[in-house]
Amino acid sequence: MAALNNKYGWAWFHRFASPPYLYRVAGFLIPWFAWPAAVLIAAGLYGGLWSSPPDYQQGDGFRIIYIHVPSAYLSMMGYAILAVASAVGLVWRMKLAHAVAAAAAPLGASFTFLALVTGALWGKPMWGTYWVWDARLTSELILLFLYFGFIALQRAYEDSRSGDRAAAVLALVGVVNLPIIHYSVVWWNSLHQGATVFVGRGSDIAPGMLWPLLCMIFGFTLLFAACLARSVQAEVLERERGAAWAAEVA
Amino acid sequence: MSRAVSALLVRDLKLAYRRRGEVLTPAMFFILVTILFPLGLSPQPELLRSIAPGVLWTAALLAGLIGQESLLKGDFEDGSLEQLALAPLPLELTALARVATHWLTTGLPLVILAPLLGLMLDYPVQAMGTLVLSLLLGTSILSLLGAVGAALTVGLRQSGMLLPILVLPLAVPVLIFGAQAAAQAAHGEDPAGALYLMAALLALGLTLIPFAIAAAVRVSLES
């Protein structure tokens with residue numbers, strides 16, 4: 001079997017099933033994610049907050065886009081990672097994939113929360129209200145509750161293996177829900193009018209504003225990756241707290 | 001195989017008939033929640049007419065939650081769920097039969113009661129057909145989703161608290177399209193689009209959710 005795996009080049013994947021290996025890989029990757037993230041975010045903040053001109057319509061208020069858009073995108077990305085890790089854990093019975101999912105859930109929830117808060121702060125000066133029952137906003141809130149459900153279910157089980165697998169099933173059922181909620185922007189607005197926001201403005205953005213935004217998006221993605229690697233390490237350590245190697249590295 | 005499924009259905013329906021009081025609870029809850037809205041907001045007919053689709057749909061969603069905890073609990077506690085999982089009949093089919101019983105005993109009464117409550121909320125009579133159809137489609141999807149939630153939490157002691165948190169976010173699309181269809185019909189618009197989407201959700205649910213229920217039952221039995 002091992003020879004077969006090597007022949008098709010899958011051995012590298014199976015090595016991730018070893019907790020010390022995953023712990024080391026995550027630790028090795030953190031600086032490779034974190035430093036470019038710091039540089040990109042610094043550049044993006046400089047470009048976004050100082051060098052780019054105020055928007056002709058929104059004045060300086062638009063600058064919150066540099067936090068809001070990356071966190072909104074990562075809130076979806078986080079759920080995708082959660083779902084893929086859950087699927088890997090369920091299908092291949094790979095225990096550490098569940099550790100990745102467990103690490104991704106609170107992170108994804110944090111970015112969802114950040115997207116909601118920055119959206120509300122942006123909404124107040126632009127639309128005169130913190131909250132509108134627009135499909136996009138509501139779906140983001142629902143996403144937050146999907147994360148909460150996942151975390152709550154996983155922690156409700158005394159036996160962590162059952163909790164992992166139950167939460168993974170929930171994550172996969174929820175992923176079917178995501179595109180539906182996402183497209184409800186299109187479907188729901190036929191009823192609730194007057195909230196055509198955020199969507200499709202990206203391509204019209206001026207180049208001076210675009211490059212800081214792209215920097216922030218890539219920087220946030222790398223920051224997310226670094227945080228994920230770090231919390232995967234923590235998760236693995238916690239799950240392996242009885243093991244000898246864990247006592248050595250901790 | 002079909003004999004086994006029908007035997008399961010008959011058994012579950014008989015069991016439900018023996019616990020008539022429990023079966024009626026969601027219907028009573030549905031009526032009570034609906035009554036709270038005119039009392040809490042204002043009994044003006046114009047207001048009631050405009051909120052009727054949303055109120056009926058929200059109340060149906062909440063009433064549907066009531067029966068969900070007991071959907072698999074009894075069978076889990078007396079060990080028959082384990083036997084069903086070991087039986088040669090695919091667990092997916094067993095799950096589907098159980099969902100069908102749940103819908104017949106909790107979803108269907110809500111659908112039957114809805115026109116009456118609709119009249120009390122001044123919902124237009126000519127749109128009643130759409131309201132019933134939307135609830136017919138929607139409550140079946142809710143039974144499917146509820147079964148996933150019930151299967152995931154059946155082994156837990158505090159499942160009653162957790163279940164709504166798991167199921168309600170998943171039920172949001174059903175609520176959106178169902179209330180939309182009912183509201184469009186009330187305004188004299190064509191509700192076909194929303195109804196087709198609900199039918200599509202139901203088709204998707206019927207094909208995929210039994211697998212999720214079976215997987216969840218297996219997780220719960222292992223713990």
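The values are calculated or read from the model by the stated rules, or taken from the named source; none is laboratory data. Predicted model only: the values in this text are computed from it and were never measured. Heads up, the Cβs are rebuilt from the backbone with ideal geometry, glycines too, and the neighbour counts pull from every protein chain shown. Ligands, DNA and RNA are excluded from the accessible area calculation, which covers all protein heavy atoms including side chains. Shrake-Rupley method; radii C 1.70, N 1.55, O 1.52, S 1.80 Å.
If the requirement is being in contact (Cβ under 8 Å) with a residue 24 or more places away in the chain, away from chain B (no Cβ under 14 Å) and among the small types (Gly, Ala, Ser), which of these qualifies: A:ALA103, A:ALA120?
Just one listed residue meets the conditions, A:ALA103.
Can you go through B:LEU113, B:LEU121, B:LEU108, B:LEU145 and tell me which one is under 18 Å from the mean Cα position of the chain (by Cα), more than 14 Å from chain A (Cβ to nearest Cβ) and surrounded by 18 or more Cβ atoms within 10 Å (Cβ to Cβ)?
Within the list B:LEU113, B:LEU121, B:LEU108, B:LEU145, the selection yields B:LEU113.
Restricting attention to the stretch A:159-171, does a residue exist that is without any contact (Cβ under 8 Å) to a residue 60 or more places away in the chain, of a type in the set (Ser, Thr, Tyr) and more than 9 Å from every other protein chain (Cβ to nearest Cβ)?
Scanning the stretch A:159-171 turns up no residue that is without any contact (Cβ under 8 Å) to a residue 60 or more places away in the chain, of a type in the set (Ser, Thr, Tyr) and more than 9 Å from every other protein chain (Cβ to nearest Cβ).
For A:TYR73, which of the numbered conditions (1) within 14 Å of chain B (Cβ to nearest Cβ); (2) open to solvent by 50 Å² or more (accessible area, probe 1.4 Å); (3) under 14 Å from the mean Cα position of the chain (by Cα) fails to hold?
Only one criterion in (1) within 14 Å of chain B (Cβ to nearest Cβ); (2) open to solvent by 50 Å² or more (accessible area, probe 1.4 Å); (3) under 14 Å from the mean Cα position of the chain (by Cα) is unmet by A:TYR73, namely (1).
Output the number of residues of the stretch A:111-161 satisfying the condition of being within 16 Å of A:HIS98 (Cα to Cα) and buried (at least 21 other Cβ atoms within 10 Å of the Cβ).
The qualifying residues number 7.
Yes or no, residue by residue, for (1) under 20 Å from B:LEU65 (Cα atoms); (2) touching a residue at least 60 places away in the same chain (Cβ under 8 Å):
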position: B:GLY129; (1), (2): no, no
position: B:GLN158; (1), (2): yes, no
position: B:PRO173; (1), (2): yes, no
position: B:GLY178; (1), (2): yes, yes
position: B:GLN184; (1), (2): no, no
position: B:HIS187; (1), (2): no, no
position: B:LEU197; (1), (2): no, no
position: B:PRO210; (1), (2): yes, yes
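Assuming A:VAL91 fulfils every condition listed in (1) within 14 Å of chain B (Cβ to nearest Cβ); (2) buried (at least 23 other Cβ atoms within 10 Å of the Cβ); (3) of a type in the set (Val, Ile, Thr) apart from one, which condition is it?
A:VAL91 satisfies all of (1) within 14 Å of chain B (Cβ to nearest Cβ); (2) buried (at least 23 other Cβ atoms within 10 Å of the Cβ); (3) of a type in the set (Val, Ile, Thr) except (2).
Please verify whether the stretch B:93-110 includes one or more residues that are within 17 Å of B:VAL219 (Cβ to Cβ), in contact with a helix residue (DSSP H, G or I) (Cβ under 6 Å, 6 or more places away or on another chain) and either in contact (Cβ under 8 Å) with a residue 40 or more places away in the chain or part of a helix (DSSP H, G or I) (or both).
Yes: the stretch B:93-110 contains one or more residues that are within 17 Å of B:VAL219 (Cβ to Cβ), in contact with a helix residue (DSSP H, G or I) (Cβ under 6 Å, 6 or more places away or on another chain) and either in contact (Cβ under 8 Å) with a residue 40 or more places away in the chain or part of a helix (DSSP H, G or I) (or both).
Would you check if there is a residue in the stretch A:174-184 being in contact with an Asp or Glu (Cβ under 6 Å, 6 or more places away or on another chain), modelled with pLDDT under 95 and either among the aromatic types (Phe, Trp, Tyr) or surrounded by fewer than 21 Cβ atoms within 10 Å (Cβ to Cβ) (or both)?
No, because not a single residue in the stretch A:174-184 is in contact with an Asp or Glu (Cβ under 6 Å, 6 or more places away or on another chain), modelled with pLDDT under 95 and either among the aromatic types (Phe, Trp, Tyr) or surrounded by fewer than 21 Cβ atoms within 10 Å (Cβ to Cβ) (or both).
Name the residue, out of B:ALA63, B:ALA95, B:ALA100, B:ALA52, that is in contact with an Asp or Glu (Cβ under 9 Å, 6 or more places away or on another chain) and closer than 23 Å to B:TYR17 by Cβ.
When all the criteria are applied, what remains is B:ALA100.
Does any residue of the stretch B:170-189 turn out to be out of contact with any strand residue (DSSP E or B) (no Cβ under 8 Å at 6 or more places or on another chain) and farther than 21 Å from B:ALA52 by Cβ?
Scanning the stretch B:170-189 turns up at least one residue that is out of contact with any strand residue (DSSP E or B) (no Cβ under 8 Å at 6 or more places or on another chain) and farther than 21 Å from B:ALA52 by Cβ.
Do we have any residue at all in the stretch B:72-86 that's surrounded by fewer than 21 Cβ atoms within 10 Å (Cβ to Cβ) and on the phi > 0 side of the Ramachandran plot?
yes
Check off (1) open to solvent by less than 40 Å² (accessible area, probe 1.4 Å); (2) within 21 Å of A:PHE148 (Cα to Cα) for A:SER52 and give me the number that stays unchecked.
The failed condition is (2).
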